[in-house]
Amino acid sequence: MDEAKKQAIAQMFITALPHAVALGIGLDDIGPGEAVMSMPWREDLVGDPETGVIHGGAVYALIDTCSGAAVMSHPEAGRTATIDLRIEYMRPATPGQAITARATCHHVTRTVAFVQAVATDGDDDRPVARASGAFTVERG
C-alpha cells in the first residue's frame, strides 16, 4: 500500500473514532510505522480543577490512538486493536499546553505488533508519559 493511501486510512481511522473526535485529537504526521498526534489543552479535559492538569485518561487515549495509527502505517501490518498498553506517567502535563504523542511500531510478528510511545507538552526532554504496547495485526 502506498504512503498516501496509508495516511488517508490513518486520518479516516481518527475521524471514525468518536473518542478521538471528542478529545480533539489530530494527526500531525505519519510515516512507515510512525505516527505523531496532538491533543489541545481544554478545560473540559482537566482532571484536577485546582491545578488545571489534563486527566491521565485523556493522555492515555491520545497515546493509544497514536500507537494504533503507527501500527496501521507499518508496511507489514494493517488493521489493529490494542491488546495491552502500559503507560508510565512521568509528571503532570503543563496546564494550558497541548500534548503531543509520538509512537513507533518497532516490531511486527505474524499476529502482534509492538509499539513504543512518548507524550510531551512542548518540553521534549521531560516527557509527560511513556508507553509500550502490543497490538493485533490484521493484514489485508
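From the list T100, T94, pick out the single residue that is crowded, with 18+ Cβ neighbours inside 10 Å, in contact (Cβ under 8 Å) with a residue 24 or more places away in the chain, farther than 23 Å from L17 by Cα and of a type in the set (V, I, T).
Working: T100 fails: farther than 23 Å from L17 by Cα.
Of the residues listed, the single one that is crowded, with 18+ Cβ neighbours inside 10 Å, in contact (Cβ under 8 Å) with a residue 24 or more places away in the chain, farther than 23 Å from L17 by Cα and of a type in the set (V, I, T) is T94.
For the stretch 4-46, what are the residues that are part of a loop (DSSP other than H, G, I, E, B) and open to solvent by 40 Å² or more (accessible area, probe 1.4 Å)? Explain how you work it out, then say what you get.
First, pick out the residues of the stretch 4-46 that are part of a loop (DSSP other than H, G, I, E, B): 17, 24-25, 32-33, 40-42.
Within the stretch 4-46, L17, P32, P40, W41, R42 meet the criteria.
For the stretch 57-84, enumerate the residues that are within 19 Å of A16 (Cα to Cα) and among the charged types (D, E, K, R).
D64, R79
Keeping to the stretch 94-117, report how many residues are under 16 Å from the mean Cα position of the chain (by Cα) and part of a strand (DSSP E or B). I'd like the intermediate steps shown before the answer.
Step one: list which residues in the stretch 94-117 are under 16 Å from the mean Cα position of the chain (by Cα), which gives 98-106, 113-117.
After this cut, where a residue has to be part of a strand (DSSP E or B) as well, the list is 99-106, 113-117.
Residues in the stretch 94-117 being under 16 Å from the mean Cα position of the chain (by Cα) and part of a strand (DSSP E or B): 13 in total.
Write out, first by first residue and then by second, each pair whose Cβ atoms fall under 9 Å of each other, whose residues are 6+ apart or on separate chains, and whose first residue, in the stretch 13-35, is among the aromatic types (F, W, Y) while the second is in a helix (DSSP H, G or I).
Filtered contacts from the stretch 13-35: F13/A20; F13/T65; F13/G68; F13/A69; F13/M72.
So, R126, is that one open to solvent by 70 Å² or more (accessible area, probe 1.4 Å), among the charged types (D, E, K, R), modelled with pLDDT under 95 and touching a Lys or Arg at 6+ places or on another chain (Cβ under 7 Å) or not? Before the answer, list the steps.
On the way: open to solvent by 70 Å² or more (accessible area, probe 1.4 Å): yes; among the charged types (D, E, K, R): yes; modelled with pLDDT under 95: yes; touching a Lys or Arg at 6+ places or on another chain (Cβ under 7 Å): yes.
Here the answer is yes, as R126 does meet what is asked.
Out of the stretch 49-68, which residues are touching a residue at least 12 places away in the same chain (Cβ under 8 Å), open to solvent by 20 Å² or more (accessible area, probe 1.4 Å) and more than 14 Å from the chain's Cα centre (by Cα)?
Result: T51, V53.
If P40 satisfies all but one of (1) under 24 Å from T109 (Cα atoms); (2) without any contact (Cβ under 8 Å) to a residue 60 or more places away in the chain; (3) not acidic (D, E), what's the number of the condition it fails?
(1)
For the stretch 118-126, indicate whether the set of residues that are within 24 Å of M12 (Cβ to Cβ) and within 11 Å of the chain's Cα centre (by Cα) is non-empty. Don't jump to the end; show me each part of the working.
Within the stretch 118-126, the subset within 24 Å of M12 (Cβ to Cβ) is 119.
With the extra rule that they be within 11 Å of the chain's Cα centre (by Cα), the set shrinks to 119.
Yes, some residue in the stretch 118-126 is within 24 Å of M12 (Cβ to Cβ) and within 11 Å of the chain's Cα centre (by Cα).
Need pairs with beta-carbon distance below 7 Å; first residue farther than 16 Å from M37 by Cα and within the stretch 108-132, second crowded, with 19+ Cβ neighbours inside 10 Å and among the polar types (S, T, N, Q); sequence gap 6+ or separate chains.
A113/T80
The values are calculated or read from the model by the stated rules, or taken from the named source; none is laboratory data. What you are looking at is a predicted structure, and each value in this text was computed from that prediction instead of being measured. Every residue, glycine as well, gets a Cβ built from its backbone with ideal geometry; the counts of neighbours run over all protein chains shown. Areas reflect the complete protein model, heavy atoms only, side chains present, ligands, DNA and RNA absent. Shrake-Rupley method; radii C 1.70, N 1.55, O 1.52, S 1.80 Å.
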